[in-house]
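The values are calculated or read from the model by the stated rules, or taken from the named source; none is laboratory data. Since the structure is predicted, the reported quantities are computational estimates derived from the model, not experimental observations. Every residue, glycine as well, gets a Cβ built from its backbone with ideal geometry; the counts of neighbours run over all protein chains shown.
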Amino acid sequence: MPKLRICLLTDCYPPSIGGIESHVYGLALQLGRLGHDVDVVTHHLVSPAAGQQVAPANPAEPPTNVVVHRLEGLVARIHDADPMIDPRSIGKVQHLLATNGYDIVHGHSFGSVLALAGLRAARRLGLPTVITRHSMVLTLTQLSFVNRILLEGELWVAKKWIDGVIVVSEGAAQELAALDLPTYKIPSGVDGEHWRPDPGARKRIRDLLGYQEDDIVVGYLSRLVRSKGAMSLLRVAARIVRLLPDVRFLIIGDGPMRPWLERQIEELGLPTVVTLLGSRPWMETPHYLNAMDIFVFPSYREAFGLALVEAMACGIAPVARVNVGSREIIADGENGYLIDSDEELFQKVLELAQDEGLRKRIGVSARHSAQDKYSWKVITERTVEAYEEVIRRRLHG
């Protein structure tokens, strides 16, 4: 495998917490371990907006051949995201691309001005370009003409500035079916050495949170936004505890829905049953996942679902709402359960809470499937193969 000089363009990078942040960090780390030179171009560290998840500490330092360039300039506040919108950043990105001799430029997300500005500059410099599409555009919660405009915008950008598109799921690929460009289906990865079953962490975190040894802990880890479905977990909790008083619910994450969830916990009489913990450092996430017996992923819309795979890698039995991402990750009844309503969520959580053997069997299967399909080594090697194909196509027309 020839050594490549790679530029990753992203608004999303630790210490901010999220699926794209974890993806870009994991990809950069593994590319560096494989011997490639990687520059991550992102914006400067900013103070978190209200409800934004930010890890108190950076993840482990990457190899010395992974360099992070943090650009100064204006950063917007859009919900819990912080995209860079400073026009001066365009010149800074152009300078980096023109002087650092990259073999390929890889942008992350069609919604990132920073990434798109870099891809446009790369195209003008004759550099091969790819973009990873981390999310879906077509949703039932948006007006159809809005969906159409957003999708047409992505298609226009891809045709003008991009040589290849990486998608994290088949559903994301189908939305771009009209695009006459090489499209590579490569999901996010997970580090099986970091996200793994850890009995010591399980006991430590459960003791810290005041859980008894026999308590069954149902967990959730995601941003607290409406589309992630945390309200479904509270409705289920109110029903479960009337039948199984030793079940506890652990919600990890932060976001604009937190005040509403806090009120609902009080109104439903769940303060002693539900722990709303807030966000936790990214590197500590596996410890908290290990404290759980069941992982609930009730998100309505996911192009992939990295938190789901991370929980599975820790050997936790998952229950996930059917969406584009979970449908490809979970084989229903084998390595987890797929549900399509709050009633089904209640039934499956109840079933798992009552059957320790079932939880363990599904947890073991979940761990194996996460290791087999989503190890960072496999994912990164496939990404490099996509890079090399895009480079060859650009060189040979």
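Numerical summary
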read-out: Any hit, the stretch 350-360, residues being among the small types (Gly, Ala, Ser), closer than 28 Å to residue 200 by Cα and without any contact (Cβ under 8 Å) to a residue 24 or more places away in the chain; value: yes
read-out: Selection within the stretch 1-44 - of a type in the set (D, E, K, R) and either modelled with pLDDT of 90 or more or not in a loop (DSSP other than H, G, I, E, B) (or both); value: 3, 5, 21, 33, 37, 39
read-out: First in the stretch 191-204 and outside the structural domain of residue 26 (by TED's automatic domain parsing) and modelled with pLDDT under 95, second anywhere and part of a loop (DSSP other than H, G, I, E, B) and surrounded by fewer than 17 Cβ atoms within 10 Å (Cβ to Cβ), Cβ under 9 Å, 6 or more apart; value: 194/60
read-out: Hits in the stretch 85-103 (condition: closer than 19 Å to residue 113 by Cβ, in contact with a strand residue (DSSP E or B) (Cβ under 7 Å, 6 or more places away or on another chain) and small (Gly, Ala, Ser)); value: 89
read-out: Of all residues making up the stretch 266-285, the number that are of a type outside the set (Ser, Thr, Tyr), at pLDDT below 95 and either closer than 22 Å to residue 315 by Cα or buried (at least 18 other Cβ atoms within 10 Å of the Cβ) (or both); value: 6
read-out: Hey, residue 148 modelled with pLDDT of 90 or more, more than 21 Å from residue 27 (Cα to Cα) and either basic (Lys, Arg) or not assigned by TED's automatic domain parsing to the domain that holds residue 184 (or both) or not; value: no
read-out: Given (1) within 23 Å of residue 340 (Cβ to Cβ); (2) out of contact with any strand residue (DSSP E or B) (no Cβ under 8 Å at 6 or more places or on another chain); (3) of a type in the set (Ser, Thr, Tyr), index of the condition residue 272 fails; value: (1)
read-out: All positions within the stretch 244-261 that are loosely packed, with under 13 Cβ neighbours inside 10 Å and either touching a Pro at 6+ places or on another chain (Cβ under 9 Å) or among the acidic types (Asp, Glu) (or both); value: 246
read-out: Complete set of residues in the stretch 151-164 that are within 14 Å of residue 111 (Cα to Cα) and either in a loop (DSSP other than H, G, I, E, B) or touching a residue at least 24 places away in the same chain (Cβ under 8 Å) (or both); value: 151, 153, 154, 155, 157, 158
read-out: Some residue of the stretch 290-297 being over 19 Å from residue 346 (Cα atoms), in the same structural domain as residue 363 (by TED's automatic domain parsing), assigned to a helix (DSSP H, G or I) and at pLDDT 95 or above; value: yes
read-out: Among residues of the stretch 241-262, those that are basic (Lys, Arg) and in contact with a Leu (Cβ under 9 Å, 6 or more places away or on another chain), counted; value: 2
read-out: Unique residue being of a type outside the set (Ser, Thr, Tyr), under 29 Å from residue 328 (Cα atoms) and in a helix (DSSP H, G or I) when the list is 219, 171, 255, 200; value: 171
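A quick yes/no check of all residues on (1) on the phi > 0 side of the Ramachandran plot; (2) modelled with pLDDT of 85 or more:
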{"residue": "126", "(1), (2)": "yes, yes"}
{"residue": "135", "(1), (2)": "no, no"}
{"residue": "164", "(1), (2)": "no, yes"}
{"residue": "179", "(1), (2)": "no, no"}
